[in-house]
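The values are calculated or read from the model by the stated rules, or taken from the named source; none is laboratory data. Fair warning: this is a prediction, and the values are worked out from it, not measured in the lab. As a convention, Cβ positions derive from the backbone with ideal geometry for all residues, glycine included, and neighbour counts pool all protein chains shown.
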Amino acid sequence: MIRCLIVDDEPLALHILEDYISKMPFLQLVKVTTNPIEALQLVQEGNIDLVFLDVQMPELTGIQFLRIANGKDKVILTTAYPQYALEGYELDVIDYLLKPIDPARLAAALARVKIAYAGRAPLPEAVLEQIFVRDGERCWFVPLREVRLLSSEGNYIRLSWGKTQPLLGRALAAVEPRLDPNRFFRANRRQILNLDFIEHVELGVNGRLHAQLRDGPEVEISRRQARLFKAKMSV
């Protein structure tokens with residue numbers, strides 16, 4: 001089953017897409033939204049296989065969405081403006097549908113999707129390079145290479161990013177598999193640190209380590225993780 005997300009604010013396009021998806025047994029419509037920011041969060045969570053994406057959207061255009069999101073091959077662009085077709089194909093999307101959407105063209109695009117997914121083993125999720133964070137009334141696109149520390153706070157993550165510490169509405173265990181393993185390391189049950197920010201490491205008691213982060217706090221590396229850390233860093 002291919003999980004689909006529609007990101008569009010045009011009623012006719014929404015009707016055609018929803019109707020067609022409902023008739024296809026290999027497609028599951030997960031959500032319809034007019035908010036590209038919400039859509040980006042859903043894609044980053046890894047629960048979407050295919051996005052029908054309008055190019056002209058408020059807050060974030062379809063092209064901007066593609067440049068931010070990983071997994072561009074999961075996208076079918078929809079728009080009334082043919083001038084965006086070349087840029088869309090340069091970004092390696094599955095297909096580009098002009099509005100009003102022709103059901104025959106939609107069927108052809110989905111036939112290619114079905115062939116691409118048929119017999120294909122699930123692919124590992126792409127490494128996150130940046131993440132969208134909404135904390136109260138403030139929003140950020142946070143480059144993860146600039147985050148020195150991720151700390152679990154229940155089902156949320158506190159990001160230590162520059163002088164800002166926004167709260168991300170996702171559990172640490174859900175984000176960890178999408179982090180670059182060459183950059184991020186699980187220090188203990190509650191914290192993942194960015195190796196690029198380590199200034200120095202000192203021995204602690206009972207086999208633990210203490211890592212001092214640049215412009216940040218000291219982080220305790222548990223005894224179990226200390227063994228992995230030493231092996232990783234060839235200490």
Next on the checklist: Looking at region 175-200 only, could you name the residues that are more than 28 Å from the chain's Cα centre (by Cα) and crowded, with 18+ Cβ neighbours inside 10 Å?
Outcome noted: none
Next on the checklist: Return the pair list, or none, for Cβ contacts closer than 8 Å from residues in region 125-139 that are among the aromatic types (Phe, Trp, Tyr) to residues that are modelled with pLDDT of 75 or more and assigned to a loop (DSSP other than H, G, I, E, B), at least 6 apart or on different chains.
Outcome noted: none
Item to check | Subset of region 3-50 [β-branched (Val, Ile, Thr), under 14 Å from Leu106 (Cβ atoms) and in contact (Cβ under 8 Å) with a residue 40 or more places away in the chain] | outcome: Ile6, Ile16
Next on the checklist: Quick test of your reading of the structure: Arg120 fulfils all but one of (1) at pLDDT 90 or above; (2) exposed (fewer than 13 other Cβ atoms within 10 Å of the Cβ). Name the failing condition by number.
Outcome noted: (1)
Next on the checklist: Can you tell me which residue is surrounded by the most Cβ atoms within 10 Å (Cβ to Cβ) among those in region 9-42 that are modelled with pLDDT under 90, outside any helix (DSSP H, G or I) and under 24 Å from the mean Cα position of the chain (by Cα)?
Outcome noted: Thr34
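Would you point out the residue of region 84-101, among those that are under 14 Å from Thr61 (Cβ atoms) and in a loop (DSSP other than H, G, I, E, B), that is modelled with the highest pLDDT?
Kept after step one, since they are under 14 Å from Thr61 (Cβ atoms), are these residues of region 84-101: 84, 87-88, 91, 93.
Adding the requirement that they be in a loop (DSSP other than H, G, I, E, B) leaves 91, 93.
Working: Leu91: 61, Val93: 76.
Ranking the candidates gives Val93 first.
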Checklist entry - If you scan region 195-235, which residues turn out to be assigned to a strand (DSSP E or B) and touching a helix residue (DSSP H, G or I) at 6+ places or on another chain (Cβ under 6 Å)? => result Leu209, Leu213, Ile221
Checklist outcome for this item: Inside region 175-194, the number of residues satisfying the requirement of being over 18 Å from Ile157 (Cα atoms) and outside any loop (DSSP other than H, G, I, E, B) is 0
